[in-house]
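J.: Structure provided below as structure tokens; questions to follow.
Rule-based calculations on the coordinates, nothing more; no lab input. Every value quoted in this text rests on a predicted model; they were computed, and no experiment measured them. Using ideal geometry, Cβ is built from the backbone for each residue, glycine included, and neighbour counts are taken over all protein chains shown.
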Amino acid sequence: MPRVSSEELERRQAEQAAKGPTMVIKVNGKSRFWNGARISYDNIVRDIVCEHVGNRNALHTVSYAYRRSVKPGGTLAPGEDMEAESGMIFNAIVTGNG
């Protein structure tokens with residue numbers, strides 16, 4: 001599957017910028033800027049992880065943890081979203097074929 005074009009990436013970033021404050025999150029060990037009050041499984045897998053690896057049809061397990069919070073971590077499933085917080089840590093791994 002082709003990589004995301006720079007124009008498409010810019011369009012997505014502009015959409016996110018209109019959604020809320022910028023914060024820093026980590027995805028698979030890399031710092032990323034995120035704009036928006038909420039973040040979803042699809043945001044992590046399609047917009048962030050697959051931008052680099054290119055397999056949008058693979059099934060992923062997306063786990064998360066809070067950097068400075070007593071809140072427990074968990075997992076996001078396809079179709080789920082949650083409130084985003086600066087410093088959140090996400091890990092996405094391929095767990096099957098779609």
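J.: Evaluate E = 1/(1 + (r/R0)^6) for residue 15 and residue 89, where r is the Cβ-Cβ distance and R0 equals 30 Å; express this FRET efficiency to the nearest 0.05.
T.: About 0.80, to the nearest 0.05.
J.: Okay, moving on. With 10 angstrom as the radius, rank 68, 12 by how many other C-beta atoms surround their C-beta, starting from the fewest.
T.: So the ranking, lowest neighbour count to highest, is 68, 12.
J.: Which distance in nm do the two modelled labels at residue 81 and residue 65 give, with both placed 7 Å along the Cα-to-Cβ direction?
T.: 2.6 nm
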